[in-house]
1. Condition test on K86, is it within 19 Å of D120 (Cβ to Cβ) and among the basic types (K, R)?
2. Looking at S129, S176, which is the one that is in contact with a helix residue (DSSP H, G or I) (Cβ under 7 Å, 6 or more places away or on another chain), in a helix (DSSP H, G or I), within 30 Å of N237 (Cα to Cα) and small (G, A, S)?
3. Could you list, in sequence order, the residues of the range 160-196 that are closer than 23 Å to V130 by Cβ, more than 14 Å from the chain's Cα centre (by Cα) and of a type in the set (A, V, I, L, M, F, W, C)?
4. Would it be correct to say that Q224 is among the polar types (S, T, N, Q), exposed (fewer than 15 other Cβ atoms within 10 Å of the Cβ) and closer than 30 Å to T242 by Cα?
5. Could you please let me know if Y94 is among the aromatic types (F, W, Y), open to solvent by less than 60 Å² (accessible area, probe 1.4 Å) and closer than 26 Å to M137 by Cα?
6. Which numbered condition in (1) in contact (Cβ under 8 Å) with a residue 24 or more places away in the chain; (2) surrounded by fewer than 21 Cβ atoms within 10 Å (Cβ to Cβ); (3) in a helix (DSSP H, G or I) is the only one that T167 fails?
7. Could you say which residue among K87, K107 is under 26 Å from A146 (Cβ atoms), assigned to a loop (DSSP other than H, G, I, E, B) and either charged (D, E, K, R) or without any contact (Cβ under 8 Å) to a residue 24 or more places away in the chain (or both)?
Amino acid sequence: MQKAIVLVLVALVVLAGCGKKADYYSQKANEYLKQGDIDNAIDQFEKAAKANPSSHEIQNALGAALSMRGDFALAAQHFKQAVTLKKDFLEGHYNLGRALTETGDAKGAIMEFKKVVQLDSTYALAYFSVGGLYVKMGMPDEAVKAYKTALHYDPSLKQVYLNLAATYVGLKDYDSAMSVLATGREKSPKNAQMAVMAGRVALLKRDFPQAIALLQEANQLNPQDAFARNDLATAMNLSGKTKEAIAIWEQVLAMNPEPALAQAVQKNLDEAKKK
């Protein structure tokens, strides 16, 4: 499953040199952020921005706080002001790209991410973000290139492996998906999500023994994942291990899963018991 991730860079920064009033308001805003009080933090950053309207850092901090509240359109305005005040402000361009992504302006977001990599060609998160946008735009080949570049510069980004594998699945290139997940699992052997996805890809390949092994591992890593447990039962059933599948589906129902899954599991269970 392709999953978009909001990676707005919000730091509890001390905005020094912005003027005494602006510094005071900024420090108060950071204190509120530490307490999880976003509304009051925004109020203080707005006062700081009025006290020093020429500070790109304050505009960026205000935009970041607004993003935390989900006000992405307004946040984008402040990020735009930040990069207008300082055109080579890498974090501002990145945050603007993320805010525009959330408002649905994919082309505008891609333009900002391209500005980021012009300033720093190794900025992996920008390539990752572009990859997600290309997927939404129906450009999977471009998405693959972007995700691969992200991993080239930062092989530790776990979500990129998942998104790249999902993109390959969309292209029905299951071998490439398995290869990407194998690399990701080597770097993060305790990542249950990667084991689950690898198991599902193995199911698509109808490699049931491999699917069973991977999904058993996933269930050991995260025993509370009812969906993965259902996938394991499916793999067991398709491989002819009906009794084992029935036992696992009964375990899933005992976990009180969400209604849609419970309905699907009950249907599978009833059909398996008829065999």
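1. yes
2. Exactly one residue qualifies, and that residue is S176.
3. V169, L171, A177, V180, L181
4. Yes: the conditions hold for Q224.
5. yes
6. (2)
7. Answer to the selection: K87.
Yes or no, residue by residue, for (1) open to solvent by less than 40 Å² (accessible area, probe 1.4 Å); (2) touching a residue at least 12 places away in the same chain (Cβ under 8 Å):
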site: V180; (1), (2): yes, yes
site: V196; (1), (2): yes, yes
site: A260; (1), (2): no, no
site: Q266; (1), (2): no, yes
site: K274; (1), (2): no, no
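The values are calculated or read from the model by the stated rules, or taken from the named source; none is laboratory data. Note that the coordinates shown come from a computational prediction; the quantities given were computed from them, not determined experimentally. Counting neighbours? That spans all protein chains shown, and the Cβs are built from the backbone with ideal geometry, glycine included. Just the protein is used for accessible areas: all its heavy atoms, side chains included, with ligands, DNA and RNA removed. Shrake-Rupley method; radii C 1.70, N 1.55, O 1.52, S 1.80 Å.
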